[in-house]
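Scroll down for the structure; my scribbles are underneath it.
The values are calculated or read from the model by the stated rules, or taken from the named source; none is laboratory data. Keep in mind the model is a prediction, meaning the values are calculated, not measured. Note that we place each Cβ from the backbone using ideal geometry, even for glycine, and neighbour counts take in every protein chain shown.
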Amino acid sequence: MPSNKHLRCFRYFALMVVHFLALAVCLVWGAAVILRDLATFRISNRSISWGVVLLWPAFYLLNLRVQLNLFVLLLCALVLISGLSSLIGMGDVKLMLLLAPWIHQEKIASSIALLIAFSWLQLIAITLKQRRFPKRIAFAPAILFAAALNMAT
């Protein structure tokens, strides 16, 4: 008969495996979205659907909790207005709306600053590489990077 100590060790190991698999799901999905956005400047509806099916349970397993309140509603409205006014693409809007309920609100200012800074760095790198200002930019890397850092801290 296993002792309490062995059961605790087994539970701890099982929890580590679950967290590892949840993180792996997040990383693989995120990498797929980023690579496609960099190659085609599109975030497909299928990617967003898979995000709901795969990411939301993974976030729950990683002990992240949905935060739905007036602030999140206003943030979603602002993102939607940005998309409708063509400031950003609708795929980027859908990606942000997919992640919005999971974002830690107390760290939102630093996440937005990080999103803007990473977008500018990406824009500068593309401009230097192509020797001209790009007509389009893939925002998925900046969005996912800022959201990941927000959720991780």
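Taking the criterion of being of a type in the set (Gly, Ala, Ser) and either in contact with a strand residue (DSSP E or B) (Cβ under 8 Å, 6 or more places away or on another chain) or not in a helix (DSSP H, G or I) (or both), the only residue of the stretch 1-40 that qualifies is Ser3.
For residues in the stretch 1-57 being among the basic types (Lys, Arg) and surrounded by 10 or more Cβ atoms within 10 Å (Cβ to Cβ), which is farthest from Lys135 (Cα to Cα)? So, considering only residues that are among the basic types (Lys, Arg) and surrounded by 10 or more Cβ atoms within 10 Å (Cβ to Cβ), the one farthest from Lys135 (Cα to Cα) is Arg8.
Let me confirm something: among Leu97, Leu87, which residue is out of contact with any His (no Cβ under 8 Å at 6 or more places or on another chain), on the phi < 0 side of the Ramachandran plot and outside any loop (DSSP other than H, G, I, E, B)? Going through Leu97, Leu87 in turn, just one is out of contact with any His (no Cβ under 8 Å at 6 or more places or on another chain), on the phi < 0 side of the Ramachandran plot and outside any loop (DSSP other than H, G, I, E, B): Leu97. Restricted to the stretch 46-98, and to residues there that are charged (D, E, K, R) and either farther than 20 Å from Arg36 by Cα or in contact with a Phe, Trp or Tyr (Cβ under 7 Å, 6 or more places away or on another chain) (or both), the residue that is modelled with the highest pLDDT is Asp92. A Cβ distance below 9 Å, combined with a sequence gap of six or more or placement on separate chains, defines the contacts here; from the stretch 72-85, residues that are over 19 Å from Ala109 (Cβ atoms) reach residues that are surrounded by 11 or more Cβ atoms within 10 Å (Cβ to Cβ) and charged (D, E, K, R) in the pairs Gly83/Asp92; Gly83/Lys94. On the basis of being hydrophobic (A, V, I, L, M, F, W, C), touching a residue at least 24 places away in the same chain (Cβ under 8 Å) and closer than 19 Å to Ile137 by Cβ, does Met96 make the cut? Spelling it out, Met96 is indeed hydrophobic (A, V, I, L, M, F, W, C), touching a residue at least 24 places away in the same chain (Cβ under 8 Å) and closer than 19 Å to Ile137 by Cβ.
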